Amino acid sequence: MNHRVAPETEELWDEFHRAVNMSSEELRPWLLTDASGTDGMPAEPDLGVPEMGRHVVRILRKRKVDLTEDDLDAMRQVVDRVNDLLAHPPGTGASNEKWRHSLMDLGHDPLKPDEHGDD
């Protein structure tokens, strides 16, 4: 069984894990709460939750060698969206809270300390 991963996948894995600073154990409860907005997860686990958030949770629980093409596409989208949101933060108030919730729905908490030292 070959467990080698393409260099592009290695790089994307690293980028994804820099962009997604929440663990699956942190993200799933966030998605389950009303705090994640009108898309918060109701009693039925797969209804009303942003698909990308669910996909991020699934990816976080995988090993690199188990990633599918669909996972890789989702990872690229998450990296691009998180980087775009971080590049354009709003001012203060309600727009700031909505911005933070959008990031957290993708697995990035902008209030969480940077563990990679990239400040």
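The values are calculated or read from the model by the stated rules, or taken from the named source; none is laboratory data. No experiment lies behind these values; they were computed from the predicted model shown. Virtual Cβ from ideal backbone geometry, glycine too; neighbours counted across all protein chains shown.
Residues that are of a type in the set (Gly, Ala, Ser) and either in a helix (DSSP H, G or I) or farther than 20 Å from residue 28 by Cβ (or both) within region 87-108 comprise 87, 91, 93, 94, 95, 102, listed in sequence order.
Contact annotation: residue pairs with Cβ atoms under 9 Å, 6 or more positions apart or on different chains, pairing a residue in region 1-24 that is more than 12 Å from residue 106 (Cα to Cα) with a partner that is of a type in the set (Phe, Trp, Tyr), are 5/13.
Take region 42-70 and flag every residue that is hydrophobic (A, V, I, L, M, F, W, C) and modelled with pLDDT of 90 or more. The answer is 52, 56, 57, 59, 60, 65, 67. Going by the conditions given, is residue 65 touching a residue at least 60 places away in the same chain (Cβ under 8 Å) and surrounded by 13 or more Cβ atoms within 10 Å (Cβ to Cβ)? So residue 65 does not fit the description; no. The single residue among 84, 73 that is assigned to a helix (DSSP H, G or I), at pLDDT 95 or above, more than 11 Å from the chain's Cα centre (by Cα) and more than 23 Å from residue 114 (Cα to Cα) turns out to be 73. Consider region 1-37 and keep the residues that are among the hydroxyl-bearing types (Ser, Thr, Tyr) and surrounded by fewer than 18 Cβ atoms within 10 Å (Cβ to Cβ). The one that is modelled with the lowest pLDDT is 33.
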